[in-house]
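Colleague: Quick one: structure below, then a few questions.
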Ligand SMILES: [Zn+2]
Ligand SMILES: [Zn+2]
């Protein structure tokens with residue numbers, strides 16, 4: 001098992017794909033529920049108010065927003081800004097306009113760059129080959145069974 005430092009408390013823990021130690025994961029979950037409940041009762045509150053009342057840091061609240069977990073919160077809009085163009089966004093990292101542009105850009109790169117297309121094809125083929133391999137295994141097993149009869 002990999003050993004990592006928790007991103008939140010810095011404690012060493014066995015890495016299981018999460019950046020936080022199990023304790024902090026649970027703490028964050030509790031914080032999330034606190035924040036969500038407070039916002040539910042006070043939909044127009046500011047992040048700073050939520051932070052003060054719940055004791056959850058504004059940073060954590062922003063992180064919930066970035067994880068798209070507090071999407072419907074009206075009072076928190078304006079707190080997050082698009083990482084690309086800087087306009088206020090309700091949740092996530094980019095505004096809808098930039099998301100559309102990023103998608104277009106990705107498509108364009110895939111269409112014009114031979115290297116990227118080759119890589120995409122390679123990945124596709126790798127996936128296909130893996131599946132074919134599995135199917136072949138089954139097929140061979142069936143053959144063996146038939147041969148022994
Ligand atoms: Zn921790
Ligand atoms: Zn944007």
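The values are calculated or read from the model by the stated rules, or taken from the named source; none is laboratory data. In this text, all values refer to a predicted model and were calculated from it rather than measured experimentally. All Cβ positions, even for glycine, are placed from backbone atoms using ideal geometry, and neighbour counts span all protein chains on display.
Colleague: On the given criteria, is residue 49 away from ligand 2 (no atom under 16 Å from the Cβ), at pLDDT below 85 and surrounded by 14 or more Cβ atoms within 10 Å (Cβ to Cβ)? Don't jump to the end; show me each part of the working.
Modeller: Values: away from ligand 2 (no atom under 16 Å from the Cβ): yes; at pLDDT below 85: yes; surrounded by 14 or more Cβ atoms within 10 Å (Cβ to Cβ): yes.
So residue 49 fits the description; yes.
Colleague: What's the total number of residues in segment 79-136 that are more than 16 Å from ligand 2 (Cβ to nearest atom), touching a helix residue (DSSP H, G or I) at 6+ places or on another chain (Cβ under 7 Å) and either at pLDDT 75 or above or outside any helix (DSSP H, G or I) (or both)?
Modeller: Residues of segment 79-136 that are more than 16 Å from ligand 2 (Cβ to nearest atom), as a first pass: 107-136.
Filter once more, keeping what is touching a helix residue (DSSP H, G or I) at 6+ places or on another chain (Cβ under 7 Å): 109-110, 116-117, 120.
Then keep just the ones that are either at pLDDT 75 or above or outside any helix (DSSP H, G or I) (or both); that gives 109-110.
Adding up the residues that qualify gives 2.
Colleague: Could you check how many residues of segment 9-26 are in contact (Cβ under 8 Å) with a residue 12 or more places away in the chain and within 8 Å of ligand 1 (Cβ to nearest atom)?
Modeller: 6
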